[in-house]
Amino acid sequence: MAEEMIPLNLQDLMKFDCNSENECFNECCRDLNQALTPYDVLRLKQCLGMSSQDFLRTYTALHYGPKSGLPVIEFKPNPGMGYACPLVTPQGCSVYKDRPASCRMYPLARAISRSRKTGEITQYFALIEEPHCKGFGRQNGQTVEEWLKGQNVDKHNQANDKLMEVISLKNRIMPGKLEGMSADNFYLALYDLDAFREQIFENALLKDFNLPDAILETIRKDDEALLDLGIKWIKNRLFGIEIT
Ligand code: SF4
Ligand code: SF4
């Protein structure tokens, strides 16, 4: 599909408007090839009131990157419905308040670079103009910054930036294919959070780390804190970085 990338700054006007009156309504939820991040999975399984295992089994497909060996989780598209997202309805997204970061951002793409010295993150944005999307050229008067605020995407971006840090560390320190237990642990701790919790509390997975009781009590109920710990655990397992 032909597409055009238009670089933008935070203060630039979007020249784009999406609403349910557009003839392309829901077209962006078809013909999917959409990877989900750990935080996307966390929010979606909470929204649907499902365990991570049930959500992943029902709505997603897993494969491993052929070169990186990293798990890639994608929506399982519905072939009988134009390969549509399994969560789209004629009225729109059924999980709108917890939709993934890429759905919030579309048609805006975001990339980041992180200073190795200070850890400071610089963001870059571009509009991806695709033929099926008819929202382009319509003026809604919003800057990129205002659009992002309206999409309520900050928490997703912050969580996803932590994943990007792990991936860039892996590319730097362990280039090549992640195999066996390392790939399994990556999937367990970042995507299958309820199974990770079960391993911690029922099989003493983290017993060697002597985690304080306060942290254990928090992660018993708090998925976001558990995901943060999962990222730290993976950094420890793969790169030897101490869990603090
Ligand atoms: S999660 Fe919602 S917005 Fe995203 S592709 Fe599915 S239906 Fe569309
Ligand atoms: S295709 Fe574009 S304009 Fe149409 S509903 Fe999706 S994002 Fe909005």
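Just so it is clear, none of the values below were taken in a lab; they were calculated from the coordinates. The structure presented is a predicted model; accordingly, all values stated were derived computationally and were not measured. Using ideal geometry, Cβ is built from the backbone for each residue, glycine included, and neighbour counts are taken over all protein chains shown.
Enter the Cα centre distance for the pair the stretch 48-95 and the stretch 159-182, rounded to the nearest angstrom.
Comparing the Cα centres of the stretch 48-95 and the stretch 159-182, I get a distance of 22 Å.
Can you check what the Kirkwood hydrodynamic radius comes to for the stretch 89-177, Cα pairs only, in Å to one decimal?
Details: mean 1/r = 0.0648 Å⁻¹.
Averaging 1/r across every pair of different Cα atoms and inverting gives 15.4 Å.
Name the residue farthest towards the positive end of the dipole of the chain from the options Phe196, Pro175, Leu226, assuming +1 on Cβ of Lys and Arg, -1 on Cβ of Asp and Glu, about the Cα centre.
Pro175
Using a simple charge model, +1 on the beta-carbon of Lys and Arg, -1 on the beta-carbon of Asp and Glu, nothing else, what dipole does the chain show about its Cα centre, in debye to the nearest 20?
On the way: 29 positive and 34 negative charges, 98 e Å.
For the chain, the charge dipole is close to 480 debye.
Per DSSP helix of 4 or more residues, -39500 (n - 2.57); summed, then divided by the residues of the chain. What does that give at 222 nm, rounded to the nearest 500? Walk me through the intermediate numbers first.
Details: 9 runs with 99 residues, N = 244.
Counting only the DSSP helices, I get -12500 deg cm²/dmol.
What's the angle, to the nearest 10 degrees (0 to 90), between helix 180-190's Cα axis and the longest principal axis of the chain?
60
Dividing the convex hull volume of the Cα atoms of the stretch 4-150 by its residue count, what figure in Å³ per residue is obtained? Mind dumping the intermediate values first?
Numbers: hull volume 22.6 nm³, N = 147.
Dividing the Cα hull volume of the stretch 4-150 by its residues yields 154 Å³.
For the chain, with a Gaussian network of springs between Cα atoms less than 10 Å apart, report the residue from Lys97, Lys170, Lys149 with the top mean-square fluctuation.
Lys149
Working from Cα positions, state the angle (0 to 90°, nearest 10) between the long axis of helix 154-173 and the longest principal axis of the chain.
That works out to roughly 60 degrees.
For the stretch 37-175, with only Lys/Arg (+1) and Asp/Glu (-1) charged at the beta-carbon, what is the dipole magnitude about the Cα centre, in debye rounded to 20?
I would put it at about 280 debye.
Most exposed first by the Cβ proxy, i.e. fewest other Cβ within 10 Å, how do Cys18, Cys47 rank? Please list the in-between numbers first.
Working: Cys18 19, Cys47 16.
Final ranking by Cβ density, sparse to dense: Cys47, Cys18.
Mind checking which of Pro66, Asn9, Gly92 is farthest towards the positive end of the chain's charge dipole, using Cβ charges of +1 (Lys, Arg) and -1 (Asp, Glu) about the Cα centre?
Pro66
Among Ser51, Ser102, Ser20, rank each residue by its count of other Cβ atoms within 10 Å, from fewest to most, as a rough exposure measure.
Least crowded to most crowded, the residues run Ser20, Ser51, Ser102.
I need the peptides 129-137, 34-42, 223-231 ranked by packing, meaning the mean over residues of other C-beta atoms within 10 angstrom, with the highest value on top.
Numbers: 129-137: 14.8, 34-42: 21.1, 223-231: 19.6.
Averaged packing, sorted descending, gives the order 34-42, 223-231, 129-137.
Order by neighbour count: Tyr64, Tyr191, fewest other Cβ atoms within 10 Å first, most last. Display every interim value, and only then the final one.
Details: Tyr64 16, Tyr191 25.
Sorted ascending by nearby Cβ count, the order is Tyr64, Tyr191.
Exceeding 29 Å between C-alpha atoms, which entries from my cross-link table qualify? They are Lys117/Lys207; Lys76/Lys170; Lys15/Lys232; Lys97/Lys177; Lys45/Lys232.
Lys117/Lys207; Lys15/Lys232; Lys97/Lys177
Taking only the C-alpha atoms, wrap a convex hull around the stretch 145-244 and report its volume per residue in Å³ as a whole number.
127
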